[in-house]
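Novice: Pasting in a structure now, in structure tokens, and then I'll have a few things to ask.
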Amino acid sequence: MEVDEEQTTSTVSAETSIPSSDAPGMVSPVPASLPPPMQLVVPTIVPPSIVPPIAPIPPPTSVRPLAPLPVRPPSIRPPMSQNGEVGSTDSDSDHDDSGPGINKGTGEYEISEESRLIRERQEKAMQELMMKRRAAALAVPTNDMAVRTRLRRLGEPITLFGEREMERRDRLRMIMAKLDAEGQLEKLMKAHEEEEAVASAAKEEAEEDLQYPFYTEGSKALLDARVDIAKFSLVRAATRLDRARRRRDDPDEDIDAEIDWALKQAENLVLDCSEIGDDRPLSGCSFAADGKCLATCSLTGGAKLWSMPKLKKISTLKGHTERATDVAYSPVHNHLATASADRTARYWNDQGSLLKTFEGHLDRLARISFHPSGKYLGTASFDKTWRLWDIETGEELLLQEGHSRSVYGLAFHHDGSLAASCGLDSLARVWDLRTGRSILALEGHVKPVLGISFSPNGYHLATGGEDNTCRIWDLRKKKSLYIIPAHSNLISQVKFEPQEGYFLVTASYDMTAKVWSARDFKPVKTLSGHEAKVTSLDVLGDGRYIATVSHDRTIKLWSCNMAGEQTMDVD
């Protein structure tokens, strides 16, 4: 019944399109003729079933003009078309939709304002880069006065408010680069050079008669000293080499056993004696050649002699007017020399009498050292020079320059042929005393070098400095052999054991002194006991005693107690 009602309603809705003449005939025959309406409904039902799928078709037709909208943004694409891809489009619609950003006749495009600004920034950055490259290739003076002079010559202000030296130098560099780019630098500099040439012409005319040699002529005494040093060093070197060959070829010689014995002796070092050395901090110490005396100096300007091994005071040496900086015993006599901040070095006998005074330095002295022959004394000074003196005559034989800053340490080779100096320029130099030449410059320390010492083996050199490291240099290879990170503060003094060089001792401002093996440079012993900076040390000839002095005003004597052991043989 429900189906019949639905069919009747569909027929009524479908017959609304039939003309009005047929309407009266359809109302009366409904109960009598059911089959005919069913046949008539079939064609009328088909259109409603077809109409629903057709009904949603109009929306796509209305959406169809909106579909190309995502495709149309060629008007936004001009920045992307810089590679030349816009000119190669295939459809005509693309040309129509490209908008006003493209010229259809020539294939070129107009750059947007944003692209133009980006391009200008890129060009400006490239110009600045090229300007910096050109500036980096220019030679600019490093001296601040020279920089100011150059700025004045170029007509620029020599300084700006709040400008520092490096900023002023960078400004000069950029000004010169700009002038170079404009082609005006050579013209300006040529004009200024001509003005300088005219100004200096008068001075050159006055100095034409004076001719200076490229070297400093030495005195006859220096020549005799060089000959004497050469003769002395040849004999010592021959003796050292013969002994080394004999020990190498002799099957009974066991060098490793000797080194082990020496290191074991160093391991047994203990504090034997401690004595207050002066009223002010101590600055230097040195053992006598026979080991019976110890000399110390302090900031009071005086030096004292002490008996070994009980450290009983023997005498006091007074004569300096400023603080004493170092003391050294002669390797031949029981005479000693002291250095001071009063720019002089003094030579004393063992009785405390003044024998010679060496004057000539222009600034305070630092370390001093005797030549192995005992005839000459070397002094290092803050006037950037070290000097060699004849002890017998007191004459200055050699004034040696070579360091750019103050010279602090000085040491002589055990053969007597070489001298080594170190200074606040972080450099160590090796000099040939027979010719006067600088044969080696040892670069490696990054801070001032304060201590230097030759090894008795003849080819090792040790340096220590403010970078807390001790460097071992091989003179045969002319390079650094080993770097010892020795202390936590600066190293004030370095000394090899003077007989065989089996171990090395360093003193530091970290209040300790340390013993290192010369075979593999490993730590052997740490000498702790001082309460302030350790300023200097010395090692006795057989290695049995080590003396250290400190800012705590004490002298500490370290000794090894090896009962029943045989002492080291001395050739």
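The values are calculated or read from the model by the stated rules, or taken from the named source; none is laboratory data. Just so we're clear, the structure is a prediction, and the values are computed from it rather than from any experiment. Don't worry about glycine lacking a Cβ; one is built from the backbone with ideal geometry, like all the others, and counts go over all protein chains shown. Side chains are part of the model used for accessible areas, which takes the heavy atoms of the whole protein and leaves out ligands, DNA and RNA. Shrake-Rupley method; radii C 1.70, N 1.55, O 1.52, S 1.80 Å.
Novice: I need every pair where a residue in the stretch 234-253 that is under 17 Å from Gly501 (Cβ atoms) has its Cβ under 7 Å from the Cβ of a residue that is outside any loop (DSSP other than H, G, I, E, B) and open to solvent by less than 90 Å² (accessible area, probe 1.4 Å), sequence separation at least 6 or different chains.
Specialist: Arg247/Ile255; Glu253/Arg247
Novice: Would you confirm, using the coordinates I've provided, whether Val270 is under 39 Å from the mean Cα position of the chain (by Cα), at pLDDT below 95 and among the β-branched types (Val, Ile, Thr)?
Specialist: In short, yes.
Novice: Same structure again: Those residues that are open to solvent by 20 Å² or more (accessible area, probe 1.4 Å), in contact with a Lys or Arg (Cβ under 6 Å, 6 or more places away or on another chain) and touching a residue at least 24 places away in the same chain (Cβ under 8 Å), I need them from the stretch 456-466; list them, please.
Specialist: Once the filter is applied, which keeps residues that are open to solvent by 20 Å² or more (accessible area, probe 1.4 Å), in contact with a Lys or Arg (Cβ under 6 Å, 6 or more places away or on another chain) and touching a residue at least 24 places away in the same chain (Cβ under 8 Å), the stretch 456-466 yields only Glu466.
Novice: Being closer than 21 Å to Gly541 by Cβ and without any contact (Cβ under 8 Å) to a residue 60 or more places away in the chain is the filter here; which residues of the stretch 431-455 pass it?
Specialist: Gly451, Ile452, Ser453, Phe454, listed by residue number.
Novice: Kindly indicate whether Gly277 is at pLDDT below 95, within 40 Å of the chain's Cα centre (by Cα) and farther than 27 Å from Thr296 by Cα.
Specialist: Answer is no for this residue.
Novice: Another question, if that's okay. Looking at the stretch 145-174, which of the residues that are open to solvent by 30 Å² or more (accessible area, probe 1.4 Å) and modelled with pLDDT under 85 is farthest from the chain's Cα centre (by Cα)?
Specialist: Across the stretch 145-174, the extreme among qualifying residues is Gly155.
Novice: What number of residues within the stretch 342-356 satisfy the criterion of being among the hydrophobic types (A, V, I, L, M, F, W, C) and modelled with pLDDT of 95 or more?
Specialist: The total comes to 1.
Novice: How about the stretch 517-537: which of its residues are of a type outside the set (A, V, I, L, M), closer than 25 Å to Trp306 by Cα and open to solvent by less than 20 Å² (accessible area, probe 1.4 Å)?
Specialist: Of everything in the stretch 517-537, those that are of a type outside the set (A, V, I, L, M), closer than 25 Å to Trp306 by Cα and open to solvent by less than 20 Å² (accessible area, probe 1.4 Å) turn out to be His530, Thr535, Ser536.
Novice: Collect the residues in the stretch 502-516 that are within 20 Å of Asp254 (Cα to Cα) and either open to solvent by 10 Å² or more (accessible area, probe 1.4 Å) or within 27 Å of the chain's Cα centre (by Cα) (or both), keeping them in residue-number order.
Specialist: Scanning the stretch 502-516 gives a single hit, Tyr502.
Novice: Since Leu294 meets every condition but one in (1) open to solvent by less than 60 Å² (accessible area, probe 1.4 Å); (2) farther than 16 Å from Arg544 by Cβ, which condition does it not meet?
Specialist: In the conditions (1) open to solvent by less than 60 Å² (accessible area, probe 1.4 Å); (2) farther than 16 Å from Arg544 by Cβ, Leu294 misses (2) alone.
Novice: Return the pairs, sorted by first residue and then second, in which the second residue is among the β-branched types (Val, Ile, Thr) and open to solvent by 20 Å² or more (accessible area, probe 1.4 Å), the first residue lies in the stretch 362-374 and is over 18 Å from Gly451 (Cα atoms), the beta carbons are less than 8 Å apart, and the residues are 6+ apart or on different chains.
Specialist: Sorted first by the residue in the stretch 362-374, then by its partner, the pairs are Ser373/Val332; Gly374/Val332.
Novice: Only one residue in Ala230, Ala221, Ala262 is touching a Phe, Trp or Tyr at 6+ places or on another chain (Cβ under 7 Å) and surrounded by 11 or more Cβ atoms within 10 Å (Cβ to Cβ), so which one is that?
Specialist: Ala262 is the lone residue from the list that is touching a Phe, Trp or Tyr at 6+ places or on another chain (Cβ under 7 Å) and surrounded by 11 or more Cβ atoms within 10 Å (Cβ to Cβ).
Novice: A further question follows. In this structure, is Ala303 under 21 Å from Asp552 (Cβ atoms) and surrounded by 15 or more Cβ atoms within 10 Å (Cβ to Cβ)?
Specialist: Yes; evaluated as a whole, the condition is true for this residue.
Novice: For the stretch 374-395, how many residues are of a type in the set (S, T, N, Q), outside any strand (DSSP E or B) and either open to solvent by less than 20 Å² (accessible area, probe 1.4 Å) or in contact with a strand residue (DSSP E or B) (Cβ under 6 Å, 6 or more places away or on another chain) (or both)?
Specialist: Total satisfying the criteria: 1.
Novice: To continue, here is another question. Under 27 Å from the mean Cα position of the chain (by Cα) and on the phi > 0 side of the Ramachandran plot, is that true of Lys478?
Specialist: The answer is yes for Lys478.
Novice: Also, I was wondering about something else. Residue check: is Thr548 among the hydroxyl-bearing types (Ser, Thr, Tyr) and modelled with pLDDT of 95 or more?
Specialist: yes
Novice: Among what's in the stretch 417-448 and is part of a loop (DSSP other than H, G, I, E, B) and farther than 22 Å from Ile483 by Cα, pick the residue that is nearest to the chain's Cα centre (by Cα).
Specialist: So, considering only residues that are part of a loop (DSSP other than H, G, I, E, B) and farther than 22 Å from Ile483 by Cα, the one nearest to the chain's Cα centre (by Cα) is Arg437.
Novice: Give the stretch 401-411 a look and list any residue that's open to solvent by 30 Å² or more (accessible area, probe 1.4 Å) and part of a strand (DSSP E or B), or say none.
Specialist: The one that is open to solvent by 30 Å² or more (accessible area, probe 1.4 Å) and part of a strand (DSSP E or B): Tyr408.
Novice: Is there any pair with a first residue in the stretch 137-158 that is free of Cβ contacts under 8 Å to residues at least 24 places away in the same chain and a second that is among the aliphatic types (A, V, I, L, M) and part of a loop (DSSP other than H, G, I, E, B) whose Cβ atoms are under 7 Å apart and which are 6 or more apart or on different chains, and what are they?
Specialist: Cβ pairs passing all conditions: Arg148/Ile158; Arg152/Ile158.
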